[in-house]
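Input: a single structure, listed below in structure tokens.
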Amino acid sequence: MSESGRRGHNSSGGRDGGGRDNRDNRGTRGDRSGSKRNAQGRERNRGPQRGFSTNAPSQRTRRADPARLVAFEVLRAVASEDAYANLVLPARIREHRLDRRDAGFATELSYGALRGQGTYDAILARCVDRPLDQLDPAILDALRIGAHQLLSMRVPAHAALDQTVGLARAVIGAGPSALINAVLRKVAAHSMEEWLDLLLDQETDATRIAALRHSHPEWIVRALRQSLVNHGRPASDIEALLEADNAAPVVNLVALPGLGDLDEALEQGATAGELVEGSAMSAGGDLGRLESVRQGTTRVQDVGSQLVARAVAGADVETSADGNERWLDLCAGPGGKAALLAALAHRDGATLLANEPAPHRAKLVQQALSAVPSATWSVRTGDGREVGSEEPESFDRVLVDVPCSGLGALRRRPESRWRRSPKDIADLGPLQRELLASAIDAVKPGGVVGYVTCSPHPAETTAVVSDVLAKRTDLELLDAGDALDRVSLGRELGAGHELTAQLWPHVHQTDAMFLALIRKKA
Ligand SMILES: C[S@@+](CC[C@H](N)C(=O)[O-])C[C@H]1O[C@@H](n2cnc3c(N)ncnc32)[C@H](O)[C@@H]1O
């Protein structure tokens, strides 16, 4: 695991709390003599030197610390209800009325335990006398929470142990808590680096090493390495990319052009974004308190999404001048890019049709667009594959941000790497091709289609584009890397490769968004 597992988050995913359990002024590793630092100057866990509580078990904590309880509930909901951590966590934080510091701690603990699950399970398997799948799943989740505190957070070992055992005693039972106590003591006997050395002792396979070290499934390590090479980056970037997947993503804001501003956010400590106009990096905290966020004129949005939406809005079209431009967002839910596109359309005198088949997501699109004057946009609830035949050659610009594996946004969805499988990618291929074909049918001659995924996987990106292009003679690729540079704040992003473009978390600090710009010849 990288140091990133130690970074804090706040309830909105921002950095806060620092992953340090100093909520009771408890010491940190830095306070202990002889602490050792890794190559980056960060302290490494010194497992064997730790002191544990000298209290008798009967005197130890019997109550569940609310922040740890929230993390435990999040892991339980993810495992047993197929829940998404980023949706469950804010609700649990509100329910348990955690203050900002505890919310940061609960976020770091739940996200870190979920991301690190692959590595922690390999360690736990060495400390438990039976296969992990024979453990009660609640016990396994408590062990993962304990392991994350002991191995990747700056929580004193005695606090990690006592509090996790107290949580287990309160919510699972006295018997399991004794097992958890015994297992976590074994975990605490080594630091993370020592555990990795033990686990990887005889291992020579580079993929297995990277998978264990950075807690990713092996197939994803292989897929991401192949993606890097496919998009013109060296395979050796893989370590940095996997590390970036384990880091808490910065929360970015966008001020809808002409409608919102960032003044309030900047006053509250946000910093102006360096990659794209009208963006800022949040300072954390409850963004819902900002008036502009409440009004929807300032929104939380990854910078990669902002860049690709702006690139589509700014691409050179050669459609015949027959009045105001019509824009289409074919896969709009939940409406992030649609809101930015609608604001840009409003500024440019264009209109936007936002399409989304899932009714509850179409409602979210409606809400996202409500900050933009309603004459600019409309929402269609239906299958995007039908729009091309229903409204052929009708739009000047089309964004088709297809359903994808999300391999480019693993840092935002801590559990998703364990849920995805190669089959998902194969299954999505036909839909992605049909949606792109429909987008191309819907665009006017001279108009531009922006094909976007939040996955860098070749099967979802370049293979889809080249298959669809191979079937027609009236299409040409525009230089998407150049288009991104033109909407970035004077910086060469270096995202382009053979006319398509790929952003990366470890290079651009964005989600790994892919963009191809396809023009239908006039
Ligand atoms: C990657 S998300 C789009 C994200 C969105 N552009 C944003 O920025 O918020 C893909 C969307 O495509 C929708 N979708 C799934 N099947 C579709 C179809 N047949 N036609 C159109 N959209 C579809 C999904 O419901 C999902 O909302």
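The values are calculated or read from the model by the stated rules, or taken from the named source; none is laboratory data. Owing to the predicted nature of the structure, the values given are computational and were not obtained by experimental measurement. With ideal geometry, Cβ positions are generated from the backbone for all residues, glycine too; neighbour counts draw on all protein chains shown.
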Sort out for me the helices (runs of 4 or more DSSP H) sitting completely within region 202-286 that have 2 or more residues that are not assigned by TED's automatic domain parsing to the domain that holds GLN509.
206-214, 218-230, 238-245
Could you list, in sequence order, the residues of region 451-491 that are more than 16 Å from the ligand (Cβ to nearest atom) and of a type in the set (Ser, Thr, Tyr)?
THR462, SER466, THR473, SER488
Considering region 420-461 alone, what residues qualify as being under 28 Å from LEU114 (Cα atoms), in contact with a helix residue (DSSP H, G or I) (Cβ under 9 Å, 6 or more places away or on another chain), free of Cβ contacts under 8 Å to residues at least 60 places away in the same chain and charged (D, E, K, R)?
GLU460
Meets criteria (within 13 Å of the ligand (Cβ to nearest atom), modelled with pLDDT under 95 and surrounded by fewer than 22 Cβ atoms within 10 Å (Cβ to Cβ)) for ARG412:
yes
Is at least one residue of region 182-196 in a helix (DSSP H, G or I) and within 18 Å of LEU503 (Cβ to Cβ)?
no
All positions within region 464-495 that are in contact (Cβ under 8 Å) with a residue 24 or more places away in the chain and of a type in the set (Gly, Ala, Ser):
ALA480, ALA483, SER488
Determine which single condition SER374 fails, assuming it passes every other condition in (1) more than 15 Å from the ligand (Cβ to nearest atom); (2) in contact with a helix residue (DSSP H, G or I) (Cβ under 9 Å, 6 or more places away or on another chain); (3) of a type in the set (S, T, N, Q).
(2)
Restricting attention to region 287-341, the residues that are in contact with a helix residue (DSSP H, G or I) (Cβ under 9 Å, 6 or more places away or on another chain), assigned to a helix (DSSP H, G or I) and more than 29 Å from GLU492 (Cβ to Cβ) number exactly 6
Between a first residue in region 298-325 that is among the acidic types (Asp, Glu) and a second residue that is modelled with pLDDT of 95 or more and away from the ligand (no atom under 11 Å from the Cβ), which pairs have beta carbons less than 6 Å apart while being 6 or more apart in sequence or on different chains?
ASP302/ASN252; ASP302/THR510; GLU318/GLY446; GLU325/ALA350; GLU325/ASP396
Residue, surrounded by the most Cβ atoms within 10 Å (Cβ to Cβ), within region 322-357, restricted to residues that are within 8 Å of the ligand (Cβ to nearest atom) and of a type outside the set (Gly, Ala, Ser)
ASP329
Restricted to region 415-438 and to residues being of a type outside the set (D, E, K, R) and touching a Ser or Thr at 6+ places or on another chain (Cβ under 7 Å), the residue farthest from the ligand (Cβ to nearest atom) is ILE425
Of the conditions (1) at pLDDT 95 or above; (2) under 24 Å from the mean Cα position of the chain (by Cα), LEU87 clears all except one; give me its number.
(1)
